[in-house]
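Before any comments, here is the structure.
Where a number appears in this text, it was derived from the coordinates with a stated rule and is not lab data. Everything quoted here is computed from the prediction, not taken from an experiment. Quick reminder, even Gly has a Cβ in these numbers, built from the backbone with ideal geometry, and neighbours come from all protein chains shown.
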Amino acid sequence: MRKYRQIIGSLLYLTISRHDIAYSINVMARYIQKPYEAHLNGVNRILKYLKGTSNLTLEYSSNPKVNMDIMIVIVLWKMYIESLRVDIIFP
């Protein structure tokens, strides 16, 4: 359990620069008091994702319109992923 807390703490700090994992880490952090094996497996999967995407970067433009477009795409993507999860739970 202590290992899980340490990993979550480190990942929460990492979300400052890696916005792509913020939602996933927030979900995993909900179970910080009583994590199960499935939660640790989820965190391990996030760590594997980070290892595989360490060379990717997100660059922001000085044009606010471009930044807003990026944020809209991110929100729509998260909504889509969440809808898939709901469809799997409640077919």
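What ranking do 38-44, 72-78 get when scored by the average of other Cβ atoms within 10 Å per residue, highest first?
Per-residue Cβ counts within 10 Å, averaged per peptide and sorted highest first, yield 38-44, 72-78.
Residues in segment 1-36 near a label at Lys78, defined as backbone nitrogen under 11 Å from the 7 Å Cα→Cβ point?
Backbone N within reach: 19-27.
Under 5 Å between amide H atoms, partner at least 5 residues away or on a different chain: which partners does Ile32 have, H built in plane at 1.01 Å?
Result for Ile32 returns nothing.
Do any chymotrypsin sites (Phe, Trp or Tyr not before Pro) in segment 12-53 lie in a DSSP loop with no more than 12 other beta carbon atoms within 10 Å, and if so, which?
Tyr36
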